[in-house]
1. Please go through region 55-87 and give me each residue that is exposed (fewer than 10 other Cβ atoms within 10 Å of the Cβ) and either of a type in the set (Ser, Thr, Tyr) or more than 20 Å from Pro103 (Cβ to Cβ) (or both), ordered by number.
2. Which of the residues spanning region 161-187 are assigned to a helix (DSSP H, G or I) and touching a Ser or Thr at 6+ places or on another chain (Cβ under 6 Å)?
3. Would you say Gly87 is part of a loop (DSSP other than H, G, I, E, B), on the phi > 0 side of the Ramachandran plot, more than 24 Å from the chain's Cα centre (by Cα) and not assigned by TED's automatic domain parsing to the domain that holds Ala140?
4. Out of all the residues in region 133-140, is one or more hydrophobic (A, V, I, L, M, F, W, C), closer than 28 Å to Pro44 by Cα and surrounded by fewer than 19 Cβ atoms within 10 Å (Cβ to Cβ)?
5. Ala178 versus (1) of a type in the set (Gly, Ala, Ser); (2) farther than 22 Å from Ser119 by Cα; (3) in contact with a helix residue (DSSP H, G or I) (Cβ under 7 Å, 6 or more places away or on another chain); (4) surrounded by fewer than 20 Cβ atoms within 10 Å (Cβ to Cβ): which is the lone unmet condition?
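The values are calculated or read from the model by the stated rules, or taken from the named source; none is laboratory data. Bear in mind that the values here come from a model prediction, so they are computed numbers and not experimental data. Here the Cβ positions follow ideal geometry from the backbone for every residue, glycine too, while neighbour counts run over all protein chains shown.
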Amino acid sequence: MLNRNSYFRPRLARAALITALVATGTSVAYGQMEEDTAAPPIPPYALFQYSTLTGSGNTITAIRVPVATATGTVYKNLTLQFAVGPGGGLTVAEGYPKVTVPPPPIVSSFRAGKYVGPSNVLNGEMIVNVNGPAVTNGGATEWSLAAASGAAGCTYPSSATWYVGPITSNPLYPRLKAAGITSTAWSYGVTGGEGCYGPWEPDTIIGLSQIGNTLTIVSFTDNGVTKNLPFDEITYRLAPAP
């Protein structure tokens, strides 16, 4: 279920980012934060709506902001940190904003779309939607899946997020290291949502691999215990386009 706060957080981050940039004298092209409802402005201009915006503490980060120039589009990472005054006022911290050039995104074999599970499991009604990629720190890509409309109630995993890139840059690396998981055959992630079976409960460490239209998912966690060998496995296939 969509968290109301998660819906507004990116919009608040964008608003704070614009305010801070204007306060520091950084020019913001008119319409760059608006939806594509009018003709685009003449370059140069930035398109923050197509970046990955996150906030933590006093810091807002925008990853892979497209910047249109007269010769083409380039990408920038931007970090904006605030100082909080005694009365709660916000000012841009000294030395910010910081702008860097992001590494190129890591390309994977995963494909977005609707997938169906084996015909002999839950009457063939295991259906999930795969979405991605989104870009995270270090050029890694983030993918997600969720049970589709009409899927069996115990479709597993009912939701999940995983990351494509070096295992040491995976946000779950501390858990992977603690469990002795080192194989590079999988992209690792974690389940969410509800679970009907031990190896597919929420917060289960999973590994995913795609070959062609086949998406294989394995579970490394059962009853809260994570090990370096899978407890269970499920295979989905990309559904034909309607």
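1. Within region 55-87, Ser56, Gly57, Ala70, Thr71, Gly85, Pro86, Gly87 qualify.
2. Across region 161-187, the qualifying residue is only Ala179.
3. Here the answer is no, as Gly87 does not meet what is asked.
4. Checked region 133-140: at least one residue is hydrophobic (A, V, I, L, M, F, W, C), closer than 28 Å to Pro44 by Cα and surrounded by fewer than 19 Cβ atoms within 10 Å (Cβ to Cβ).
5. Status for Ala178: all satisfied but (3).
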